[in-house]
Structures are given as C-alpha cells and as structure tokens.
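Okay, so here's the structure we're looking at.
Please treat every number below as a calculation from the coordinates, not as lab data. This is a predicted model, so every value here is computed, not measured. All Cβ positions, glycine included, derive from the backbone under ideal geometry; neighbour counts span all protein chains shown.
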Amino acid sequence: MKKNWGFKEVALKNLILWDNNPRTFDKNSPNPKQKDIISRYDIDKLIRIAKNIIKYQDSNLQPGELTAVKKGKKYIVYDGNRRISAYKILLDPNLVSEKKDKVKKLSVKLNFKDTKKLHFNIAPDIQSALSRINDLHNDNFHENWNPTAKTNFTLLNINGKIKELNQKKTHLKRASLYEKIKSFNFSTEVQEIISDPAKFKITSLERIVDSNVGKKYLYYHFDEKGGIVIDGDEERFNEILKKIIEDVALGVADSRKQHNNEQKKEYFNTLLKDLNLKENSSKNENAAKKNTLGKLSKEVELIPRRNSVRYTSEKAAEIVKYILIHFDFVAEQLKTRHDGRPTIIINDEYDVQDLLHAILSMFFEDVVSEEWNPSDGASPSRPDFLLMDNGSIIEVKTTLTRKSQESTLRKKLEEELNNDLIKYSRRSDCKNIYLFIYDPEHKIKKHTTFERGMSTKKLDGISVFTHINRG
C-alpha cells in the first residue's frame, strides 16, 4: 500500500539536521555532529536568517516549506536545514565558533524555547523526501542549488534512491572534476576562489575540459558513471588540468573567451607552450587514423547507384575497413545537434548496429541482416550484416553494456567471436569476416594484441579482419 505525505507541528528540540545535506556535505567527515554541520554554513547568512526569525517571532508567519522524515521519536530535516540551523544557534549560541557575540545579542531577544513548534511536511520515507528535494532545488522549480550542491546531491544518491537523478551524467562528471580539483595544491588566492561556489565558475571549467577539443588535448574520457579515465600520461594530464583550473579561477580562461573550437584550440596551444609541453599523442593517433586508408577517395570511384556488385572484392573490403576505423567520428559528431535536438546516442549494441547500417547503406545497396540455418543441424547464427554480392559478413559487438572485469570481458568476447567465426565459415559464399568491436570507454586493454589474435584465425579461404574502435 502506497504511503502518503502528512503534515505535523514539530518541536524544535525534536529536529535533527540532515548530515548529508548537499550544502554542507563533506565526504571526509562522515557522521558529523550537529555543531559541525552548522559550522559549514556561512555564518553571516545564518545571522541574517536569525534576525528575520526574531523580527517575526510574535507573528504567525510560517517559514518557507520545511520537509522532514520521522526517525524514532525525532525528525530528520531534509529541506529547510539552514533555517533550522538559525533557530538552533539562537537557542544555543555555543553552537557557533564565529561571531558568537552577535548571535548572543540576538538570542536574548527570543521569546520562545526549544518547545516551539514549526509546521512540517512529513515524507513517508527517505526516497520520497529526496525526490521532493530534487524537484525543488535541482529542476529549477524553487530555489535552484549552486553547481557544488547539485554535485553533492548526485554523489549522495548514486546508489539509486532517485531514479530520475541517476540519469543526469552531467552531475556525475562534475563530481569527478571536483574530486580531481581537491587532489591538487593551489596558491592561497586560487584555493579561496575554488572553495567558494559563488566565485568559482565550474561550468566554465566543464565547457573547456569536457569539449571535444579539451578531450583531445588532455587525452581522457568519462566512463559510464561519469568517472575520469586518463588515456595518456597521467602526470601530463594533471599538469594541464591544474593549469586550466587556475586559469578559470583567476579569470584567464572563461567559456565566453573560449567559446568555439578555434578559440579553445588557441587557448590549449598557448597553455602547452607556457607549460613547455608538446601536443598530445592523441592528436598523432587521430592523424594516424585519418591517414589509414587515406587514399580511399582517390582510389575508389564511388558508384552513384551504390550497387556493390560493381565494386571489386578488394575495393569493397577497403571501404568496409575505412568505415569501421572511422565509425567513432560519426558517433561523436551526432552527439552535438543544433538547439539540443534529438539524436542517436550510442548506448548498446543495437545503437551501434543502427548507425553502422546507415553508413554502410551509403556505399552498399545489398546490406542485409538475416538468420542463416546451417544444413548440418547446428544452431542458427544471425550475423549483424551481410554484403551479399561481396561475400562479406560483419559481426558487431560493443563493451558499453558489459560490466565484468577486463579479463572476464576479454575472455567472453573471444569465446563469442570464435563461435561466430566457426558458424560463419560454414557458409559457402563467405569470403570475408569483419569483427567490429566498439569500445569507447577503453575497457579492452592491449587492444592491438586482441585484434591481431582474432585476425590471424586460420579459416580456409576466408579473410578475417578485426577492429576495436576506441573513439
């Protein structure tokens, strides 16, 4: 039976501040005391609220919306913690370490005790309370939290207490950036700015670092949980990121100044020069990728009717390899659409198949997907794509939805692909087998070794080409 919300007058003495309040959360200080939680608020803001409480204490004016969840005989405050903190310091000025004299002067004007009751919305459970808070502060419905509070809220609820929140990868990425920021030592000036969410422009940092240009120069990516995965030299990554953070804090770098890709490139090139660093190896890797089969446009005369029977087997093979090697360029570009319009996001194997099918259809008219029932009674095998006139089969895999450890993942993939090769080799018209694995999160280590191992499989009269596209 679904529980309903309730309303209750709760005495101040029965209220407990939420220790995981995103405004005051500190992962390095678990299970804080009530005094510790209060100390994390800006004392000047608490005093302003306290003055307001004194001003209207003789009226029936109810403070803004307050939400709590019952725990035993007490109530944990989930929304309204700052206001309740102001009440608590008025009742006990010793709860503050700063400006205690000011608080004491206000407290003598009180005409109520801790038995004073406030009107609360009582949530049936924690999940309901968190969902309500998300509506109020994370979705612009009421008082919108600053980026730091939003990030803390996401970190606190990663384990699935709020379904809609777990889909916000932006906050998870931001959380990872904050963790990285905390690992650096900055000058006092920079540290003071970074510590103040009102002064530090985290969104500017995100727009620079999380751009396609930023990823190429820093040579990293975010995994499915928003974690930072460094693809190149970690020391180099840290040196560049720290410098960007300092530039953002001091106003040298700003998303308005580095608005388009050319401006970002100019900023990164200047930064690398100042740090006496060379351009990232990722640029060389991308250049190598672009040069791979780079003569395609000159050597292959595209057929207007796209009928693949007009291509020789060698030309068709060259086109397929080119598409597989450059697949990530299309996948990445599709992420950015004008005015945030809907697009295809690569989340699983079906998404990879759909996009690859569309690209293949530009060149081949006979791209089909069908189930083949072998005559020897073996179980049917459904290759992802057949290029009928060229005797080619393309098998598609992706690591995006695979959660196992790298060794297990690798072993499972090898097993699946070996079984596919055995079944496809029974086709009398099979001449080429392409094994395509989309691995943008770099879950497969030593990928070139994996590619060579699969591509050198001995199949009578059949060529095997394996490519792991890592973005």
Over 18 Å (Cα to Cα) among K45/K105; K321/K397; K13/K51 -> K13/K51
Extension length gain for H119 and N347 (0.36 nm per residue less Cα distance), in nm, is 77.5 nm
Per the rule of 0.36 nm per residue minus the C-alpha distance, extending K102 to K411 adds in nm 104.5 nm
Per DSSP, the loop-located GluC sites (Glu not before Pro) within the range 179-254 having at most 15 other beta carbons within 10 Å are E224
Neighbour-count ranking for E98, E441 (other C-beta within 10 angstrom, fewest to most) reads E98, E441
Counting Lys and Arg as +1 and Asp and Glu as -1 over every other residue whose Cβ sits under 14 Å from the Cβ of K99, the net charge comes to +3
Taking R0 as 41 Å and r as the Cβ-Cβ distance between E314 and E239, the FRET efficiency 1/(1 + (r/R0)^6), rounded to the nearest 0.05, comes to 0.30
Neighbour-count ranking for H221, H338 (other C-beta within 10 angstrom, fewest to most) reads H338, H221
Most exposed first, judged by fewest Cβ atoms within 10 angstrom, H467, H259, H442 run H259, H442, H467
Residue span D44 to V252: 0.36 nm per residue of separation minus Cα-Cα distance leaves a gain in nm of 71.9 nm
Among K173/K445; K70/K199; K70/K113, the pairs whose Cα-Cα distance exceeds 29 Å are K70/K199
